[in-house]
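Data first, discussion second: the structure below is written as structure tokens.
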Amino acid sequence: MENELILRPQEENRLAVLRTSPKNYCKALCPKKVEDVFQSDEPSIGTIIRKFGEPQARAVLVILIADALEFFNVGNPMSATQVATTVDLIIEEYPYMKTDDFKLCFKNAMKMKYGNIYNRIDGQVIMSWLREYNKERCAVADNQSWNFHKENLSEEVNYTSGLSYEEYRNELKLRVGQGDEEAAKALSLSNEIISYLNKRENGKQEAEGDNLLEH
């Protein structure tokens, strides 16, 4: 079948554990960094939906969110309706993220990596955590893609002096023009990271300008 979902045995095994006991499955997730997520056999939300249906994906996300909420002692906790709405937004925005992506993101939030919690947690706060985490995730993926490209280039043409990042991007553009789908993905990711970095730099410059005007 054209749309048949083909998974590796390791991935099928993790899905079987998830189906048997979602709570135990979520509790056992223990990524420490983004690289661990990339190397794991955990399924993405989209894969869970295709394999078992959306209710199963919702159940996993609710468990992961509930675990995170239990950690924080806030005066304004989320209602069941707020959690359900947040889950809808996550499925819509991040179907490519894996279950351990969310576990790592929420663990980072517990460490205050995304800022302090001021006596409230709601869908807006959780989505802001995921936005910050996704930026880090994209940066790591872009770096890994660049390193992988350099290794392959060295093997193919014995080129040991290395390429500049701009040369790497030009090489990607050339391959995209030749129909290389992997190069297209790498270039798209690189463009996203550059856009993010430019926005962040522009934000710093605006803040510095405001500070000068105040003096």
Single residue of D41, D88 found to be in a helix (DSSP H, G or I) and either of a type in the set (D, E) or within 24 Å of C138 (Cα to Cα) (or both)
D88
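Can you tell me which of C26, C30 is hydrophobic (A, V, I, L, M, F, W, C), under 11 Å from D100 (Cβ atoms) and surrounded by fewer than 17 Cβ atoms within 10 Å (Cβ to Cβ)?
Details: C26 fails: surrounded by fewer than 17 Cβ atoms within 10 Å (Cβ to Cβ).
Answer to the selection: C30.
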What number goes with the only condition from (1) at pLDDT 95 or above; (2) buried (at least 19 other Cβ atoms within 10 Å of the Cβ); (3) closer than 25 Å to G123 by Cα that M78 does not pass?
(1)
Looking at (1) modelled with pLDDT under 95; (2) in a helix (DSSP H, G or I); (3) not small (G, A, S), which one does N3 not meet, given that it meets all the others?
(2)
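The values are calculated or read from the model by the stated rules, or taken from the named source; none is laboratory data. All of these numbers come straight from a predicted model, not from anything done at the bench. Here Cβ is always computed from backbone atoms with ideal geometry, including for glycine, and neighbour counts include all displayed protein chains.
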